[in-house]
Amino acid sequence: MKYISTRGNAPAKTFTEILLGGLAPDGGLYLPEQYPQVTRTELDAWRNLSYADLAFAVLSKFATDIPSSDLKALINKTYSAQVYNKGRADSDASQITPLRTLEPGVHILELSNGPTLAFKDMAMQLLGNLFEYALAKQHDELNILGATSGDTGSAAEYAMRGKRGIRVFMLSPNGKMSAFQRAQMYSLQDPNIFNLAVNGMFDDAQDMVKAVSNDHAFKAKYKIGTVNSINWARVSAQVVYYFKGYFSATKSNDEQVAFSVPSGNFGNICAGHIARMMGLPIGQLILATNENDVLDEFFRTGVYRPRGTDHTYETSSPSMDISKASNFERFVFDLVGRDGAKVREFWNKVDSGGAFDLKGSTYWDSLSKFHFASGKSSHQDRLKTIRELWEEYGVMVDPHTADGLKVGLEQRRPGLPLICLETALPAKFAETIQESLGRNPERPTVLNGIENLPQRCEVINADVVKLKAFITANVPD
C-alpha cells in the first residue's frame, strides 16, 4: 500500500517511509491511496478476536511493507494485559478496551487503562515500538517534536522513555493543563525527554511544530519526526478500537451503531471516519466539542473558521482547547473527492488566517453520505453530566468523556446503540471532579503523590527560532 499527500504534490510512499516523519513535503498529511476494504467474511472472522489479533488483522492492511511476523511481534508486545493494567481495579485488563454498558444501547468504550490513563496510549504505545523497530533496522536516530494540550505529551513520553536512538521534545501550553497532566510529563527525569512549556495556547505550540516540520533542511539535519496525530501510524492504530467497540456492542454484523467522540484536533474521530470508509457498519459519527466549537460550527454551517489564541477559551476539558484541527484536512480531502488542488486552495486561506465556506457547494451537498453529526458542551453541561452519571450508574467520567456523552445522547439517531469513546480517567482532572461531586476521584496507587515529585521543564515563548536553538543545543553533533 502507498500513501499520498492531501495536498497532491508529494510522491507516494510506503508505510515505513512515512512512519518516522510527520507532514508530507508539500505540507499536507498522508492518507492511503485508497482505503482497504473489509469484507463481510472478514468482519465475521474478526468478531471474536482478541484485541492484539484484531489489531494485527486491521494493521496488516496498512503496514504492508513490514514482514507479518515482525508486525505481529510488535503488536503482541504492545497490546498485553501487562501494559494495559494501570487503570481501574474493576476492569478486565485482558480485554484492553472493555465496554462498559450504562443501560441497554448506551455504552462507554474504556480506552484509558494504559500507562498514562488516557486514550492516547492506545496508539502511542505501538508507535514507540514501531519507531524503535524501524530505527534499529536503519541504524538511525530520531528526534521527536510534538505539541500537546494535555494527554498526547505524557502518552508519547511514557512510550518513548528509554527507547534507543530516540529523543522527545514536547511542547505544551504553559499553565493550561491540569496539575496531574503537568506532573505526569514534567516529573519524568529520563535524559531523552525534554519538556518545553510555551507561553501561549496549544495552537501556538502546534504551529511551532508545523513550522519546524516545514523547514525541510532543519528537519533533515536534525532527524525530526512527530508523534502528533498528524502521524499516520497513530491514526491507523486508533482505527482498531472502533472495530473492537463495534463488535463488543453488537451481536451481529448486520447492526449499525453510533460513535460519539470528544474532538479537538479531529484525530480520534478521523480514525472512525476511516473505519467507516473501510466498511465497518457505523451509522453515525457524532463529534463533540467544548466551548472551542470550530468543528461543530463547520458541521452546522459549512464554514471552517479557525480562531486565534485570543479567541480560544481555557475550559475544564482542556485537552480540547484547540481552534485549529490538524486532522480535519484529512476528512476534507475525502469530502472534496480527493482533489489535492482544492485542499491547497482551502488551506492557503486557513494558513493566512482566513476561513473557507462550503455551504451551497456540491461538497456540502455530499456531506450527508459521511454520516456526521455534531454538538457542543459547556462547563455546566459537563458538571451536570458527571453528576448524573455518578448518581444514576455509580460511574465516574472525566470532563472530556462527559462532553462526548452529553452530545452523543442529544444527537444520536433513534434505535442506534451509542458508543461513547472514553478520553481519560477522571483522576487526571481532580479539580473538575471535586467541583461536580464534592469528592476526589480515585487513582492508581502507583500515581499517588505524583504532583509532589520534582519537575523539570523549560519555559519558552512561542518563538520558532528559540525552539530550533533548544533542539540544536540538545542534539549531539
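The values are calculated or read from the model by the stated rules, or taken from the named source; none is laboratory data. This one's a predicted model, so the numbers in the text were calculated from it and none came from an experiment. Glycine gets a Cβ as well: all are built from the backbone with ideal geometry, and neighbour counts include every protein chain shown.
Restricting to the stretch 393-410, give me the number of residues that are in a loop (DSSP other than H, G, I, E, B) and over 25 Å from Arg443 (Cα atoms). Step through it out loud before you land on a result.
Going through the stretch 393-410, the residues in a loop (DSSP other than H, G, I, E, B) turn out to be 394-398.
Pick out the ones that are also over 25 Å from Arg443 (Cα atoms) and you get none.
Result for the stretch 393-410: 0.
Can you pull out every residue in the stretch 373-392 that is more than 18 Å from Gly438 (Cβ to Cβ), touching a residue at least 40 places away in the same chain (Cβ under 8 Å) and not in a strand (DSSP E or B)?
Ser377, Ser378
Out of the stretch 391-426, which residues are surrounded by fewer than 23 Cβ atoms within 10 Å (Cβ to Cβ) and in contact with a helix residue (DSSP H, G or I) (Cβ under 7 Å, 6 or more places away or on another chain)?
Within the stretch 391-426, the first condition is being surrounded by fewer than 23 Cβ atoms within 10 Å (Cβ to Cβ), and the residues that meet it are 391-396, 409-411, 413-417.
Val395, Met396, Pro417, listed by residue number.
Does the stretch 413-423 include one or more residues that are assigned to a helix (DSSP H, G or I), of a type outside the set (Gly, Ala, Ser), out of contact with any His (no Cβ under 6 Å at 6 or more places or on another chain) and at pLDDT 95 or above? So that I can check it myself, show each step before the final result.
Keep residues of the stretch 413-423 that are assigned to a helix (DSSP H, G or I), which gives none.
Among the residues of the stretch 413-423, not one is assigned to a helix (DSSP H, G or I), of a type outside the set (Gly, Ala, Ser), out of contact with any His (no Cβ under 6 Å at 6 or more places or on another chain) and at pLDDT 95 or above, which makes the answer no.
Of all residues in the stretch 60-79, which are part of a loop (DSSP other than H, G, I, E, B) and acidic (Asp, Glu)?
Listed by number, the list holds a single entry, Asp65.
Only one of Ser319, Ser326 is touching a His at 6+ places or on another chain (Cβ under 8 Å), surrounded by 22 or more Cβ atoms within 10 Å (Cβ to Cβ) and at pLDDT below 95. Can you tell me which? Break it down into steps so the answer makes sense when it comes.
Working: Ser326 fails: touching a His at 6+ places or on another chain (Cβ under 8 Å).
One residue alone meets the criteria, Ser319.
Does the stretch 187-206 contain any residue that is of a type in the set (A, V, I, L, M, F, W, C), closer than 19 Å to Leu425 by Cα, out of contact with any Phe, Trp or Tyr (no Cβ under 8 Å at 6 or more places or on another chain) and crowded, with 22+ Cβ neighbours inside 10 Å?
Start the filter on the stretch 187-206 by keeping residues that are of a type in the set (A, V, I, L, M, F, W, C), which leaves 188, 193-194, 196-198, 201-202, 205.
With closer than 19 Å to Leu425 by Cα added as a condition, the list becomes none.
The answer is no; no qualifying residue exists.
Being hydrophobic (A, V, I, L, M, F, W, C), in contact (Cβ under 8 Å) with a residue 60 or more places away in the chain and outside any helix (DSSP H, G or I) is the filter here, so list the residues in the stretch 266-307 that pass it.
Selection gives Phe266, Leu280, Ile282, Leu285, Ile286, Leu287, Ala288.
Test each condition in (1) assigned to a helix (DSSP H, G or I); (2) buried (at least 20 other Cβ atoms within 10 Å of the Cβ) for Phe218 and report the one that comes out false.
(2)
Just one of Trp347, Trp364 is assigned to a helix (DSSP H, G or I), modelled with pLDDT of 95 or more, in contact with a Leu (Cβ under 9 Å, 6 or more places away or on another chain) and more than 30 Å from Phe180 (Cβ to Cβ); which is it? First the steps, then the outcome.
On the way: Trp347 fails: in contact with a Leu (Cβ under 9 Å, 6 or more places away or on another chain).
Just one listed residue meets the conditions, Trp364.
Identify, from the list Ser178, Ser229, the residue that is surrounded by 20 or more Cβ atoms within 10 Å (Cβ to Cβ), within 24 Å of Glu329 (Cβ to Cβ) and in contact (Cβ under 8 Å) with a residue 60 or more places away in the chain.
Values: Ser178 fails: within 24 Å of Glu329 (Cβ to Cβ).
Of the residues listed, the single one that is surrounded by 20 or more Cβ atoms within 10 Å (Cβ to Cβ), within 24 Å of Glu329 (Cβ to Cβ) and in contact (Cβ under 8 Å) with a residue 60 or more places away in the chain is Ser229.
Taking only the stretch 424-446 into account, find how many residues are on the phi > 0 side of the Ramachandran plot and not in a loop (DSSP other than H, G, I, E, B).
Number satisfying all stated conditions: 0.
Six or more apart or on different chains, Cβ atoms under 7 Å: show the pairs whose first residue is in the stretch 195-220 and within 25 Å of His311 (Cα to Cα) and whose second is basic (Lys, Arg).
Filtered contacts from the stretch 195-220: Met201/Lys176; Asp203/Lys324; Gln206/Lys324; Val212/Lys219; Val212/Lys468.
Provide a single number: the residues in the stretch 195-212 that are within 26 Å of Asn129 (Cα to Cα) and either among the basic types (Lys, Arg) or out of contact with any helix residue (DSSP H, G or I) (no Cβ under 6 Å at 6 or more places or on another chain) (or both).
Qualifying residue count, the stretch 195-212: 6.
Go through (1) part of a loop (DSSP other than H, G, I, E, B); (2) without any contact (Cβ under 8 Å) to a residue 60 or more places away in the chain; (3) in contact with a Ser or Thr (Cβ under 9 Å, 6 or more places away or on another chain) for Phe56 and report which single condition fails.
(1)
Considering Asp321, Asp310, which residue is within 24 Å of Ser352 (Cβ to Cβ) and in contact (Cβ under 8 Å) with a residue 60 or more places away in the chain?
Numbers: Asp310 fails: in contact (Cβ under 8 Å) with a residue 60 or more places away in the chain.
Testing whether each residue is within 24 Å of Ser352 (Cβ to Cβ) and in contact (Cβ under 8 Å) with a residue 60 or more places away in the chain leaves just Asp321.
Filter the stretch 264-296 for residues that are touching a helix residue (DSSP H, G or I) at 6+ places or on another chain (Cβ under 8 Å) and small (Gly, Ala, Ser); which is surrounded by the most Cβ atoms within 10 Å (Cβ to Cβ)?
It comes out as Ala288.
Condition check ((1) outside any loop (DSSP other than H, G, I, E, B); (2) over 30 Å from Ala211 (Cα atoms); (3) of a type outside the set (S, T, N, Q); (4) in contact (Cβ under 8 Å) with a residue 60 or more places away in the chain) across all residues:
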residue	(1), (2), (3), (4)
Gln82	no, yes, no, no
Met122	yes, no, yes, yes
Glu132	yes, no, yes, no
Asn143	yes, no, no, yes
Met170	yes, no, yes, no
